[in-house]
1. Have a look at B:D54, B:D102 and point out the one that is modelled with pLDDT under 90 and either over 18 Å from the mean Cα position of the chain (by Cα) or loosely packed, with under 12 Cβ neighbours inside 10 Å (or both).
2. Does A:A66 satisfy the criteria of being over 15 Å from the mean Cα position of the chain (by Cα) and buried (at least 17 other Cβ atoms within 10 Å of the Cβ)?
3. Looking at B:V134, B:V108, B:V186 in this structure, which one is surrounded by 15 or more Cβ atoms within 10 Å (Cβ to Cβ) and either touching a residue at least 40 places away in the same chain (Cβ under 8 Å) or part of a loop (DSSP other than H, G, I, E, B) (or both)?
4. Filter region A:89-116 for residues that are touching a Ser or Thr at 6+ places or on another chain (Cβ under 6 Å) and facing chain B (nearest Cβ under 10 Å); which is farthest from A:L25 (Cα to Cα)?
5. Just need a number here: residues in region B:98-112 that are more than 11 Å from chain A (Cβ to nearest Cβ) and on the phi > 0 side of the Ramachandran plot.
6. Checking the condition of a type outside the set (D, E, K, R) and within 12 Å of another protein chain (Cβ to nearest Cβ), which residue from B:Q130, B:Q174, B:Q168 passes?
7. Is it the case that A:V62 is touching an Asp or Glu at 6+ places or on another chain (Cβ under 9 Å), aliphatic (A, V, I, L, M) and within 16 Å of B:A135 (Cβ to Cβ)?
8. Return a yes/no flag: does region B:74-87 have any residue that is closer than 29 Å to A:N120 by Cα, among the aliphatic types (A, V, I, L, M) and not in a helix (DSSP H, G or I).
Amino acid sequence: MINLKVNGKAYQVDVDPSTPILWVLRDTLGLNGTKFGCGMAQCGACTVHLNGDAIRSCVSPVSRAAGKEIMTIEGLSDDITKRLQEAWIAEDVPQCGYCQSGQIMAAAVLLRNKPNPTDNDIDLGMSGNICRCGTYQRVRNAIHRAAKMKPKAVK
Amino acid sequence: MKKNTGDSRFSIKYFLYFVLALGFITAVAQPFNNKKNKTISPENKAIAAATITDATTINDKSDADKKREEESANAFNEVYKVLMHPRCMNCHPSGDAPLQGDDSHIHVQNVTRGPDGKGLYAMKCSNCHQSENVAGLNMPPGNPNWHLPPANMKMIFQGRTPAQLARQLKDPKQTGKSMTQLLEHVEHDKLVLGGWNPGDGRTLPPMSHEEFAKNFREWIEKGAAIPQ
């Protein structure tokens, strides 16, 4: 049994410790917002937060998350991620949408580290998240928009 | 023509006389010369002998030093082959992005070094690189402390000649390490050893880690010579 904390809730999962976090989230816990893209940490679709870092869940064994906090796209609730959700809607960012949960999880880490990012900061922070629809310009606009929004009260 | 031949014979004759006379004078003068040598006091002779002995020793030492220096430089040339291999050089790039593959292309996610060498924002090394290699062909290799040299101590290998790299490694201001610490890094750092366990689909450096460390030690112990 492995003890996990996902989006603030505690879970005990009975899986092989080498199972990638992605499959525990999707198959064991039914949290399907996190996507499988390449399975080898190349595309960023599976990005979730582990103790605040934007890890690639497809190559990270669940043993790595024992005793730590995972946050997925379903768990977005703090100020930054709320602003990102609003900005994403306002800019109408997604096309097919498959990469977008990974994009938002990466953008959240960027804004936490760099509250007012330049275009270059966005390039550096987001270059690991591939979008096959080519929504990069809208991703960039949405991050700038989220950065300019007034901080909101956290629940 | 005849006159010229006669003149020439005349000159040769006088030249021969001159040579014979010079030979005679030299022979006669020689004993005087020996006598002059005998006038050197025993004390002076001893000093002269000592000087000669010292000079001989210095010459011997210099030969030994030269040999040592050559061996040291040769050992570094072996070390250099490993340092410039993609498994080592890819994490010692001249720019701020790590390199990938045997062709040392820029890391495809365009990862950036960051101040501590561990990446930036959502692009931290450990986001993908686990504490050990992920199983499978060309999957991310792993280490608990995966990183590039930090921004204030970049330790660039890419593009360095053997002499430049040897000078750089000898300069604690550029390595942040003493030679002893450098040797420790080369012999025991798991990130260095990881070069010989790079995961499926990656080539190995051109010699074993043991051989590499042996050459590195020899380079240092024989004076850390700068190869030509």
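1. Of B:D54, B:D102, the one residue that is modelled with pLDDT under 90 and either over 18 Å from the mean Cα position of the chain (by Cα) or loosely packed, with under 12 Cβ neighbours inside 10 Å (or both) is B:D54.
2. Criteria not met by A:A66.
3. Only one candidate qualifies: B:V134.
4. Among them, the one singled out is A:A108.
5. Counting residues in region B:98-112 that are more than 11 Å from chain A (Cβ to nearest Cβ) and on the phi > 0 side of the Ramachandran plot gives 2.
6. Testing whether each residue is of a type outside the set (D, E, K, R) and within 12 Å of another protein chain (Cβ to nearest Cβ) leaves just B:Q130.
7. So A:V62 passes the test.
8. no
The values are calculated or read from the model by the stated rules, or taken from the named source; none is laboratory data. All values reported here derive from a predicted model rather than from experimental measurement. So basically every Cβ, Gly included, is an ideal-geometry build from the backbone, and we count neighbours across all protein chains shown.
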